[in-house]
Each structure stands twice: as C-alpha cells, then as structure tokens.
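Single-structure report; data block below.
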Amino acid sequence: MGLLRVMMPPKLQLLALLAFAVAMFFLENQIQKLEESRGKLERAIARHEVREIEQRHTQDGLRERDSSASSLSEGQDDIVIIYNRVPKTASTSFTNIAYDLCGKNHYHVLHINTTKNNPVMSIQDQVRFVKNVTEWREMKPAFYHGHVSFLDFTKFGVKRKPIYINVIRDPIERLVSYYYFLRFGDDYRPGLRRRKQGDKKTFDECVSAGGSDCAPEKLWLQIPFFCGHYSECWNVGSQWALEQAKYNLVNEYMLVGVTEELEDFVMMLEAALPRFFKGATELYKTGKKSHLRKTSEKKPPTKESIAKLQQSAIWKMENEFYEFALEQFQFVRAHAVREKDGELYLLAQNFFYEKIYPKN
C-alpha cells in the first residue's frame, strides 16, 4: 500500500481517501440501521411474548371464573377509597359525581357523618371505623367520604390500606367561601338555615373589626386535615404539623387535586381508577346542577383584607402547604396528560415488558 501511494499521483491519492471515507460512512450507516432494526425486532418479540402471557392469563382467568364465579375481579372488588373532604373545597360537587356513578359502576358510597362535624374521632371510634372499612365486605368496593382528618390504618395492624384522595383550595378563598356559607348557605340546599344566618356583616367588615370568624386562626384547617389524629396537628401554627401534612400528602394519598383545577383531577382519577370513575369526566363536563354548588351572597375580599391576612404566620404556613400540594398535582398531571387545541388528552401507556424468562 505504501508503494502504491508513492506511485499514485497526489490527486488519485486524495480520491482514494475520499472513496475510503465514503465507504466507511456507508458501512457505519448500514450498521446503525441494522442495530435499529434489531431493536425494533426485539421490542416486537417482547410485545408478542407479553400478548401470549396475557392471553394465557386471560384463559386461566376464564377457567377460574367458570370454576368459581365468586373469585371474579376479587382484587378490584376489594378496593376502598376514602375522601376525607375539607369543607368548602368543592367537595360536595365532586362527591355528587361519585353518587351519580355508583349504580352504573357497581360500588357503594358511604357518608361519614360525625357528631357536630368533629374531624377527630375518639380512639374507640377509630377502631370501629378501621374495622368497618376493612371487614365490611357487603359494602365493598366502597367510596367513603366525610369531614374527617387523615387516619393512619397501619397503626391498627391493617395489611391492605384504603386509597386516600382529597382536594384542597387556596386558603383565603376557602375561608371567604366558608364565611359566607355560614351566613347565606348555597344553591344546593337553599332552604336550610345556617348557624350564622342573619349576620349581614361582610368579610371585609369582619377583618377590619378583627372578628373571630375571619381571624387567621380560622385558616388553620387544611394542614390538620392532612396531618391527622395527633394532638400536635391541631396546635395552630405548628411547624411539625405542616411537615407531617406534607409527608402524608406525598406518601399516603394517591392523588390530591385543587379546587381551581377540579376537572383535571376528575380526569386523572378516571384514568387511574376506572373501576370507580369511568364516565366521571363526561359527567362533570355536562354541568348538571348537582355538580355545581355555589355559596350565595359571596363578596370577594378587598386587597386590603387579603394583605392583612397574609401578614399572619398561619396564612404563610397554610399557603406553603397549598402551594406544595399544587406543585405536586401539576407534576403528576404533566406526566399524565397533554394539551392540544385547548383540550386535555390522557397519555397512552408508555411502558412495556421485555426479556421475560423463563420462556415456558
């Protein structure tokens, strides 16, 4: 080769080098295409194997169903959801969707009605409630809802915990809504007399006068609802309670939505838990009156009233928790849906199984 380079004119040597480079590029391109083809073939084989396994499981399932009808969908029929709803967060609107769907989707809805809406249960009631939820087979699958703070089922030796979900709201907006709700009610049960009915004082007037119904302490609600049945949870302004509420939200709740984006919350629940929420998104979008509950005579607070509440340490903690929940919800949503032409669409399954052994 060295002799040929000596004998070849420089132009031919350059052409030879170019030809060699082109040939190498072509070979590398072909090798890359072969690698891509091999990858596609492996994925196709893996999907085929998965389909074969699923088919065998389906056939096995059909045989089991024929031999024992009572075992059909046992796992799905054993599910229990607990929605420990925070007052004035659109909880009635959301719960009515569950009531509308329970007949069609074949599950039970149970309202946890505590005396004077006390969100903390006695120790004996905690034991009774845990026993009911886990052992009341006639009521499964079940959707429990009520104004009850989070209860840790593992403390009672339960192996299979219920699925917790919830919705929270901007703390000042929630307080304003609750303030007017106690005085004027809402359009859901307009004839029901509320305990503050007759008090015509506006929220702004209450804040200006330093009233107890609009005091910063009244903001302390969403944190203790998520914190649970510990005494420290209900100590207003407790940093420990805030951290425990954050921990529970991330580790104990499957999904926590926000009132301002309730439709997205409903859509994601339908995708994740179709056994309960199949048809929920369409039902929510229809705008039936049963799903739209609005507080009567509600007047938005002034900037001055909002600024006064925002000076308190309690608002800062409740707002920190709300923003923490909002960020987590938006993170989950970003990995679950996409927006196109102003509409949200659920992402298709984005994983599959491969290299399944043994082959038999």
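The values are calculated or read from the model by the stated rules, or taken from the named source; none is laboratory data. If you're wondering where the values come from, they're calculated on a predicted model, not measured in any experiment. Cβ: placed from backbone, ideal geometry, glycine included. Neighbour counts: every protein chain shown. Heavy atoms of the whole protein, side chains included, go into the accessibility calculation; ligands, DNA and RNA do not. Shrake-Rupley method; radii C 1.70, N 1.55, O 1.52, S 1.80 Å.
If you take the residues in the stretch 20-35 that are under 47 Å from the mean Cα position of the chain (by Cα) and open to solvent by 80 Å² or more (accessible area, probe 1.4 Å), which one is modelled with the lowest pLDDT?
35
Among the residues of the stretch 173-180, are any surrounded by fewer than 20 Cβ atoms within 10 Å (Cβ to Cβ) and at pLDDT below 80?
No, the stretch 173-180 contains no residue that is surrounded by fewer than 20 Cβ atoms within 10 Å (Cβ to Cβ) and at pLDDT below 80.
Would you mention how many residues in the stretch 238-247 are open to solvent by less than 30 Å² (accessible area, probe 1.4 Å), more than 16 Å from residue 327 (Cβ to Cβ) and either outside any loop (DSSP other than H, G, I, E, B) or not polar (S, T, N, Q) (or both)?
The total comes to 1.
Taking the stretch 130-166 as the search range and keeping residues that are hydroxyl-bearing (Ser, Thr, Tyr) and over 19 Å from the mean Cα position of the chain (by Cα), which one is least open to solvent (accessible area, probe 1.4 Å)?
134
Run residue 282 past the list (1) at pLDDT 95 or above; (2) open to solvent by 40 Å² or more (accessible area, probe 1.4 Å); (3) outside any loop (DSSP other than H, G, I, E, B) and report the number of the one that doesn't hold.
Going through the list (1) at pLDDT 95 or above; (2) open to solvent by 40 Å² or more (accessible area, probe 1.4 Å); (3) outside any loop (DSSP other than H, G, I, E, B), residue 282 breaks only (1).
Could you please give the count of residues in the stretch 319-330 that are touching a Leu at 6+ places or on another chain (Cβ under 9 Å) and surrounded by 16 or more Cβ atoms within 10 Å (Cβ to Cβ)?
6
Out of the helices (runs of 4 or more DSSP H) lying entirely within the stretch 70-172, which hold 2 or more residues that are at pLDDT 95 or above?
Hits in the stretch 70-172: 91-105, 123-135.
From (1) open to solvent by 20 Å² or more (accessible area, probe 1.4 Å); (2) at pLDDT below 95; (3) of a type outside the set (A, V, I, L, M), pick out the condition that doesn't hold for residue 217.
(2)
Among the numbered criteria (1) open to solvent by less than 70 Å² (accessible area, probe 1.4 Å); (2) among the polar types (S, T, N, Q); (3) over 24 Å from residue 177 (Cβ atoms), which one does residue 222 miss?
(3)
Can you confirm whether the stretch 301-311 contains a residue that is within 21 Å of residue 265 (Cβ to Cβ), modelled with pLDDT of 85 or more and part of a loop (DSSP other than H, G, I, E, B)?
No, the stretch 301-311 has no match at all.
Report, by residue number, each residue of the stretch 223-238 that is within 16 Å of residue 153 (Cβ to Cβ) and touching a residue at least 40 places away in the same chain (Cβ under 8 Å).
Across the stretch 223-238, the qualifying residues are 226, 227, 228, 229.
Residue pairs, Cβ under 7 Å, 6 or more apart or interchain, first in the stretch 240-252 and within 18 Å of residue 83 (Cα to Cα), second open to solvent by 70 Å² or more (accessible area, probe 1.4 Å) and among the hydroxyl-bearing types (Ser, Thr, Tyr). List them.
Once the first residue is within 18 Å of residue 83 (Cα to Cα) and sits in the stretch 240-252, no partner that is open to solvent by 70 Å² or more (accessible area, probe 1.4 Å) and among the hydroxyl-bearing types (Ser, Thr, Tyr) comes close enough.
In the stretch 82-108, what count of residues is obtained for those that are surrounded by 20 or more Cβ atoms within 10 Å (Cβ to Cβ) and either of a type in the set (Phe, Trp, Tyr) or within 21 Å of residue 152 (Cα to Cα) (or both)?
So the count comes out to 7.
Between 340, 316, 303, 299, which is touching a residue at least 12 places away in the same chain (Cβ under 8 Å) and open to solvent by 90 Å² or more (accessible area, probe 1.4 Å)?
299 is the lone residue from the list that is touching a residue at least 12 places away in the same chain (Cβ under 8 Å) and open to solvent by 90 Å² or more (accessible area, probe 1.4 Å).
Specify the residue that is least open to solvent (accessible area, probe 1.4 Å); the eligible residues are those in the stretch 343-360 that are in contact (Cβ under 8 Å) with a residue 12 or more places away in the chain and outside any loop (DSSP other than H, G, I, E, B).
344
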